[in-house]
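Read through the structure below, which is laid out as structure tokens, and then see the notes.
All of the numbers you see were taken from the coordinates with simple rules; none came from a lab. Note that the structure is a prediction, hence the values are computed from the model and not measured. Heads up, the Cβs are rebuilt from the backbone with ideal geometry, glycines too, and the neighbour counts pull from every protein chain shown.
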Amino acid sequence: MKIIKIFFMVSMTLLLFSSTVVARDFDWTRDLNIQAEANESGFRARLETRFKIGDAQIKIVLNNIEEPADAYMVLKLGEMSNQPMENVIEEYKSGKGKGWGALAKSLGIKPGSKEFKALKHGHDLYNEKPKVKNKAKGKRKK
């Protein structure tokens, strides 16, 4: 009985820790949601400009997702995978709760790819470059 309790406690600790680590990968989505909710029309305009799509397509995406940052992710993953927006929305709905890595994989994007790693660290809607850790400190780009 004591072994079962220990196993249960260890399992719960690992589960809690792993979900926290995964959540940190896309921390920027929280800030993007705040920005989008503060200026909804500006957010829509940025999506239109960034992804070169019209208002009708923006409405379709926003009506089929939960959060504004999810709209960005759906459009970005569609761009990365060369998939139509409708396909990405369907994958998003059917894989709900599995995470962005699982969605990327279902669209043919390797979750460990350079592009996906950059996406985990930020978006490009507000001319902000994703924060990617530079492994070679001290080296400058020429």
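Brief remarks on what is shown
- The string of couplings for the range 78-91 from the Karplus curve (6.51, -1.76, 1.60, θ = phi - 60°) is x, 5, 5, 9, 6, 9, x, 3, 4, 5, 5, 4, 4, 5 Hz, one whole number per residue in order, with x for Gly and Pro.
- Calculated from backbone phi, Karplus (6.51, -1.76, 1.60) coupling profile of the range 38-43 in Hz, x at Gly/Pro: 6, 9, 4, 5, x, 5
- When peptides 83-96, 46-59 are ranked by their average number of other Cβ atoms within 10 Å per residue, the highest-first order is 83-96, 46-59.
- Reach of residue 120 by Cα under 18 Å, taken over aspartates and glutamates that are not fewer than 8 positions away in the same chain: 25, 27, 31, 67, 70, 79, 128
- For residue 126, residues with placed amide H under 5 Å, excluding near neighbours: none
- A straight chain from residue 66 to residue 113 at 0.36 nm per residue would run longer than the Cα-Cα distance by 14.3 nm.
- Taking θ as phi - 60° and the Karplus parameters 6.51, -1.76 and 1.60, the scalar couplings of the range 57-69 work out to 5, 4, 4, 4, 5, 5, 7, 10, 10, 8, 10, x, 5 Hz in sequence order, x denoting glycine and proline.
- Cα gyration tensor category, rounded, prolate or oblate, for the range 26-121 with a/c compared to 1.5: prolate
- Local electrostatic count, residue 43, Cβ distance below 11 Å [Lys/Arg +1, Asp/Glu -1]: 0
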